[in-house]
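Notes follow the structure.
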Amino acid sequence: MTATTLPASARPASAGPLTGTGTLLRFMLRRDRIRFPAWTLGIALLTGYFTTALGSVYTTTEELEAVSAFSSSPAGALFGGPGYGYDAITLERFLSGQYALYILLGTALMALLTVTRHTRAEERSGRAELVRANVVGRSAQLTAALLLTALLSATVAALVTAVLLAAGHAPAGSALLGASAGAVGLVFGGIASIAVQIFAYPRAASGLTGAVLGAAFVLRGIGDMAAVQDGGASWLSWLSPLGWSQQTGPYALDRWWPLALSLACAAATAAAGYRLSGRRDLDAGLVPPRPGPPRAAAWLRDAPTLAFRLQRAGIIGWSIALLVAGLAYGAFAQPLADGLEDAPEELVAVMGGGGNLVAGYLGVMGLTMAFTVTVFALLAVQSVRAEEAAGRTEPVLATSVSRTGWLGGNLAVTAIAVPWLLLVAGLGTGAATAIGTGDTALLWKTTLGHVAHTPAVWLLLAAAGLLYGTLPRLLPIVWAPLGYGVVAGLFAPVLDLPDGAVRVSPFAHVGEYPGEEIAATATGILTLLAAALTALALRTFARRDLTTGA
Amino acid sequence: MTPAIEIHDLHKSFGKVKALDGLDLSVQPGHVHGFLGPNGAGKSTTIRILLGVLRADAGRVRLLGGDPWDDAVGLHRRMAYVPGDVELWPNLTGGEAIDLFARLRGGTDASRRDELCERFDLDPTKKGRTYSKGNRQKVALVSALACDADLLLLDEPTAGLDPLMEAVFQECIREARGAGRTVLLSSHILAQVEALADRVSIVRGGRIVETGTLTELRHLTRTTVTATTGGDARDLAGLPGVHDLRTENGRIRFDVDGDHLAAVVRRLGELDVHALTAHPPTLEQLLLRYYGDDLARTGGGAAAGSRP
């Protein structure tokens with residue numbers, strides 16, 4: 001209407017919904033100049049690590065055959081894949097069947113985070129409005145974000161292929177494995193482009209896409225478990241975008257056509273994303289925000305309850321995740337013990353030695369859960385620091401809450417959550433093991449073995465608290481002992497680490513019950529050390545200035 | 001009477017940056033004390049030291065008779081704080097945040113809370129992340145004004161509020177003063193300070209450059225006089241304290257220093273005055289006088305810097 005009344009020269013030559021896409025894409029590449037290589041090279045390095053590590057651990061076909069017996073068990077299928085070509089196992093088939101899944105997961109995460117970061121997060125921060133006020137078309141930002149994701153996915157495909165070729169694997173399978181990874185990136189970019197239209201908050205949008213990714217993992221897991229048992233539900237794998245990429249069967253079937261499903265899905269989801277984006281306002285979601293309670297619950301009344309209120313959602317989420325992971329690990333126990341009877345010596349050593357394989361395995365799982373719960377604890381301290389930096393601590397300390405009360409309340413909530421999460425994880429692992437093996441005593445033994453690691457986690461929590469209280473900028477340092485603990489705890493036999501070096505890790509003292517005994521003295525000393533560091537943390541935090549971003 | 005806030009020779013540095021450089025401030029109980037100064041002058045640093053979240057490097061600070069660092073918790077029961085940039089928890093509603101702050105401070109009057117929500121037109125059921133800046137500010141204002149604090153520390157409390165809410169805010173502060181509370185009001189809205197403040201302190205470069213009632217401050221600076229006279233007024237220019245005398249359309253106009261106002265008006269009276277207006281300097285003019293050399297200095301600094 002307006003256009004007919006305007007002289008043609010008054011309209012810019014190009015004024016469609018895509019105007020400015022090229023400029024935006026270049027700008028995004030500039031913003032992501034670190035992230036782009038970090039993601040793509042990171043995934044390529046992961047691939048390189050898998051192929052090198054497998055090549056050095058399994059040097060003979062007999063060893064491969066032994067471990068593939070485990071891999072073609074239902075548990076192996078759940079955490080690996082359908083395992084095509086295991087009847088005539090080669091290193092590259094084992095790699096593609098058991099480890100390619102994690103390359104796919106990495107690529108999917110890269111794609112979903114990239115799309116959210118350049119669309120919904122930009123809108124939420126208000127920057128999208130500034131951009132849109134220029135000569136930029138309505139769909140330019142979404143298009144540029146999807147193009148960037150496509151570019152990232154293509155780079156991952158090329159780099160993964162190159163790494164596999166460099167390792168001397170078959171060219172056809174290597175190119176297919178690379179392309180499978182790239183295809184997953186495209187699909188999850190498309191799915192993310194729908195999710196960012198639905199929710200107005202970046203975290204909710206990423207969470208929705210992440211949930212789809214989780215569902216895709218579980219669907220293909222059940223399908224693949226059925227497949228290795230010749231069950232009827234193997235078609236479930238074909239409902240999962242991860243499944244399509246795995247059904248190509250690199251190095252075994254070498255078929256390309258399942259990727260057509262991926263491309264069609266990516267195109268359809270992206271088209272849906274465009275359609276939905278045309279139906280909403282800038283910065284609005286399709287789901288309107290719900291009102292909450294006008295009054296605070298009666299129990300929300302002091303520093304510890306506030307800390308609990310802020311950590312509650314996280315604790316619930318971690319509890320569910322650890323319970324599910326525990327059940328899955330527990331279900332592993334019996335098939336794993338059967339599979340490991342023929343496994344190479346190094347692998348048996350990692351799993352806690354040959355004596356009692358199930359007890360050793362459960363001990364290692366307890367240690368693994370302790371590492372996972374430590375991640376929870378360290379993230380909790382980091383979010384305390386984020387509260388301070390965002391300026392939300394200052395108004396709380398402006399009330400009659402003391403420094404000690406504030407930090408003490410936060411650390412106390414996390415400290416209580418630690419044995420709780422270990423308990424949940426232990427019950428999950430123990431229950432599934434007890435059902436699988438028929439040995440009910442393993443339920444409480446496993447649970448005890450998990451909860452016994454509490455003092456070691458507390459020690460790292462207290463160390464994080466002390467860093468936060470003293471020099472909050474150095475807080476990330478506390479991840480180093482955790483990383484060392486993982487290496488020393490899980491890989492010491494493979495790496496041939498001397499005993500003294502292993503004992504430096506705070507996780508090396510409690511003992512991996514039921515595989516080993518629980519060391520009561522060490523437990524006591526770790527607890528006392530944690531208490532001392534916490535007391536010091538509270539003292540130092542009471543003496544320093546608050547560092548608010550403003 | 002003991003001052004509600006007494007600061008003497010306060011120093012605070014962040015690394016090499018001197019935020020406060022010998023600041024003195026005294027706020028009488030029951031007063032609304034305006035705290036003015038350009039960005040980065042040290043207003044927020046002073047308020048954060050009073051809150052006990054920053055520790056003074058040197059100097060004496062007394063707040064309601066206590067030490068703001070050592071007695072922080074006890075003092076905070078008797079005071080309330082509103083920052084200029086309110087951050088709320090994204091997943092707690094405004095109502096939950098208000099209740100939480102009230103309980104952390106030790107109780108509040110629920111009916112007053114509801115009345116204030118009404119007056120500030122605040123919807124307490126929205127989540128923190130959905131509030132606009134103005135609405136986040138209202139959450140902090142409601143929770144500060146709903147409590148029985150003896151002292152209100154307000155750091156640019158109405159940034160982002162619309163004029164209607166600004167009027168509500170001014171009303172609330174007058175009520176607070178009526179109830180005998182002390183208010184330290186840091187603000188850039190000069191009309192707000194002019195309307196509310198009993199006394200004003202102007203801070204620059206980490207120290208107070210002027211303090212007093214608005215009347216006293218006005219006395220320190222110039223009054224603008226416009227007059228139509230029968231006689232020739234041009235020799236007024238020779239009087240001490242008269243500046244910038246000029247004639248516009250048969251009217252004369254000049255600025256006169258506060259100290260010489262009486263003498264000049266006496267002289268003017270002899271000149272057959274037909275019409276006369278004299279208006280005192282606005283707070284804006286007062287401030288520009290104090291920040292003026294700042295502008296000149298930065299201007300000069302830039303010029304000096306550009307020379308090779």
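Quick look at the numbers
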quantity: B:GLU96, B:GLU6, A:GLU129, ranked by accessible area, largest first (probe 1.4 Å); calculated: A:GLU129, B:GLU6, B:GLU96
quantity: Inter-part distance where region A:519-548 and region A:466-512 are each reduced to a Cα centre, Å; calculated: 17
quantity: With at most 10 other Cβ atoms within 10 Å, longest stretch of chain A clear of loop trypsin sites (Lys or Arg not before Pro) (DSSP); calculated: A:280-550
quantity: Chain B - convex hull of alpha carbons, volume per residue in Å³; calculated: 196
quantity: Paramagnetic reach from A:ALA284 in region A:182-225 [backbone N under 16 Å; point 7 Å along Cα→Cβ]; calculated: A:197-201
quantity: Efficiency of FRET from Cβ geometry, A:ALA88 and A:SER383, R₀ 41 Å, rounded to 0.05; calculated: 0.20
quantity: Heavy-atom accessible area ranking, 1.4 Å probe, most first, across B:ASP67, B:ASP121; calculated: B:ASP121, B:ASP67
quantity: Accessible surface, per residue, of the protein assembly as shown when the full set of protein chains is kept, probe 1.4 Å, Å²; calculated: 43
quantity: Segment A:THR470-A:ALA298, length gained on full extension (0.36 nm per residue, minus Cα span); calculated: 58.5 nm
quantity: Net dipole in debye of region A:15-277 [+1 Lys, Arg Cβ; -1 Asp, Glu Cβ; about Cα centre; nearest 20]; calculated: 1480
quantity: Filtered GluC sites (Glu not before Pro), region A:476-550: DSSP coil and at most 11 other beta carbons within 10 Å; calculated: A:GLU517
quantity: Efficiency of FRET from Cβ geometry, B:SER111 and B:HIS219, R₀ 35 Å, rounded to 0.05; calculated: 0.20
quantity: Within-9-Å neighbourhood charge of A:GLY363 [Cβ basis; K, R +1; D, E -1]; calculated: -2
quantity: Whole-number percent relative contact order across region A:211-322, with pairs defined as alpha carbons under 8 Å at least 6 apart; calculated: 13
quantity: Shape call, region B:222-280: gyration tensor on alpha carbons, a/c limit 1.5; calculated: rounded
quantity: Summed side-chain charge close to A:PHE308 - residues other than A:PHE308 whose Cβ falls under 15 Å, Lys, Arg +1, Asp, Glu -1; calculated: +1
quantity: Sequence-distant lysines (8 or more away, or on other chains) whose Cα lies within less than 23 Å of B:LYS127; calculated: B:LYS138
quantity: Members of region A:381-419 that become less accessible by 50 Å² or more once partner protein chains are added (1.4 angstrom probe, chain alone as reference); calculated: A:ARG392, A:GLU394, A:PRO395, A:ALA398, A:THR399, A:SER400
quantity: Probe 1.4 Å - accessible area at B:ILE7, Å² to nearest ten; calculated: 10
quantity: Expected 222 nm ellipticity per residue - DSSP helices of 4 or more, -39500 (n - 2.57), all of chain A, to 500; calculated: -23500 deg cm²/dmol
quantity: At least 30 Å² of accessible area lost relative to the chain alone, listed for region B:64-94 with a 1.4 Å probe; calculated: B:TRP69, B:VAL73, B:HIS76, B:TYR81, B:GLU87, B:TRP89, B:ASN91, B:LEU92
quantity: Normalised contact order of chain A, rounded percent, pairs of Cα under 8 Å and 6 or more residues apart; calculated: 14
quantity: Residues A:LEU253 and A:ARG203, FRET efficiency given R0 of 45 Å [Cβ-Cβ distance, rounded to 0.05]; calculated: 0.70
quantity: Pair A:ILE34, A:ALA166: separation of 7 Å Cα→Cβ label points (nm); calculated: 2.4
quantity: Sulfur and carbon atoms: percent of accessible area, region A:63-114 [1.4 Å]; calculated: 63
quantity: Proximal charge balance of A:LEU109 [Cβ under 14 Å; K/R count +1, D/E count -1]; calculated: +2
quantity: In the B-A interface, the accessible area buried, summed over both sides, Å² (probe 1.4 Å); calculated: 3400
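The values are calculated or read from the model by the stated rules, or taken from the named source; none is laboratory data. Please read these numbers as outputs of a predicted model, since none were measured by experiment. Note: ideal-geometry Cβ built from the backbone for every residue, glycine included; neighbour counts use all protein chains shown. For the accessible areas, the whole protein counts, side chains as well, though only heavy atoms, and no ligand, DNA or RNA atoms are used. Shrake-Rupley method; radii C 1.70, N 1.55, O 1.52, S 1.80 Å.
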